[in-house]
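So the structure is just underneath, and the comments pick up after that.
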Amino acid sequence: IWLSVTPILGIEAMRGKLTLDSVFILNRLQKEYSISSFQLLNQEFGVQMDYSILESLLLGDIPDLDLSKIKLLEKEKVFVLTQLISNFEMKMTVDKALKRMTKLSIDDKKGNLMVANYSNFIDLNEQKFAESILLEITQKGKPAITAEIDYKRPKIEDEPLNFSFSIPSNYVEKNYAK
C-alpha cells in the first residue's frame, strides 16, 4: 500500500509505504521518517492493526473474519456484523443493495474508537467502490482525529505498481518504543 497525504495547496505533507510486515513513513513537514512494524505501532498507539485490516479499511472491504465468531443482525436495509478480536469489538455495517460495507467501527471499550464511514459509491470493475471515507479516531485522553479520504481517478491495475520511496539524507529518524 502506498499513500500520500496532501492537505493544502497540493503540498505533500506525508508519504507512506506499507508492506505485509513493515510501515515506512516520511513526515515532510517535520523532516522525519520512521521505519516500523505493525506490532510496534499497535503498542505505541494502542490499536490492533495489521496489513490486511488496514487494506480492508482503505478499500472498504470486509476484513477476513472468523465466521464462527460473528454476530449477525439483519435490519431493513443493512446487515450489521460484529466480532470480538482480542480486546476489540469490530462492527461492520453492510448495505444490502450495494453489497458493500458503509461503516466500520473498532472499539476497545476503554475509550479508544475508530469509525470509518464509506460513501459516494461508483462502479469499478463491476463492483461498487467508495470514493470517499470519513475516518474518525478517538483515543482516551487525546484530541480526536478526523480525516477525509477522497480517491481521485481510482482504477484497478493488473500489473504491480512501483512508486518511489526514498528517504532524504537530511531527515531525522523517529523511533517508536521497542
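Residue pairs whose Cβ atoms lie under 9 Å apart, separated by 6 or more positions or on different chains, with the first residue in the range 50-75 and within 23 Å of Leu134 (Cα to Cα) and the second open to solvent by 40 Å² or more (accessible area, probe 1.4 Å) and assigned to a helix (DSSP H, G or I), are Asp50/Gln39; Asp61/Glu55; Pro63/Ser52; Pro63/Glu55; Asp64/Ser52. Residue count for the range 14-37 under the criterion of being open to solvent by 60 Å² or more (accessible area, probe 1.4 Å) and not polar (S, T, N, Q): the result is 7. Scanning the range 112-155 for residues that are in contact with a Phe, Trp or Tyr (Cβ under 7 Å, 6 or more places away or on another chain) and under 17 Å from Val94 (Cβ atoms) yields Phe121, Lys128, Phe129, Ala130, Ile133. Scanning the range 121-158 for residues that are open to solvent by less than 70 Å² (accessible area, probe 1.4 Å), β-branched (Val, Ile, Thr) and within 14 Å of the chain's Cα centre (by Cα) returns Ile133, Ile137, Ile149. Looking only at the range 94-120, which residues are in a strand (DSSP E or B), under 18 Å from Lys69 (Cβ atoms) and either open to solvent by 30 Å² or more (accessible area, probe 1.4 Å) or among the polar types (S, T, N, Q) (or both)? Answer for the range 94-120, where residues must be in a strand (DSSP E or B), under 18 Å from Lys69 (Cβ atoms) and either open to solvent by 30 Å² or more (accessible area, probe 1.4 Å) or among the polar types (S, T, N, Q) (or both): Ser105, Asp107.
Out of Leu9, Leu40, one residue alone is exposed (fewer than 15 other Cβ atoms within 10 Å of the Cβ), over 20 Å from Tyr171 (Cα atoms) and of a type in the set (A, V, I, L, M). It is Leu9.
The values are calculated or read from the model by the stated rules, or taken from the named source; none is laboratory data. These figures come from a predicted structure and were not determined experimentally. Virtual Cβ from ideal backbone geometry, glycine too; neighbours counted across all protein chains shown. To get the accessible areas, we keep the full protein, side chains included, count just its heavy atoms, and leave off ligands, DNA and RNA. Shrake-Rupley method; radii C 1.70, N 1.55, O 1.52, S 1.80 Å.
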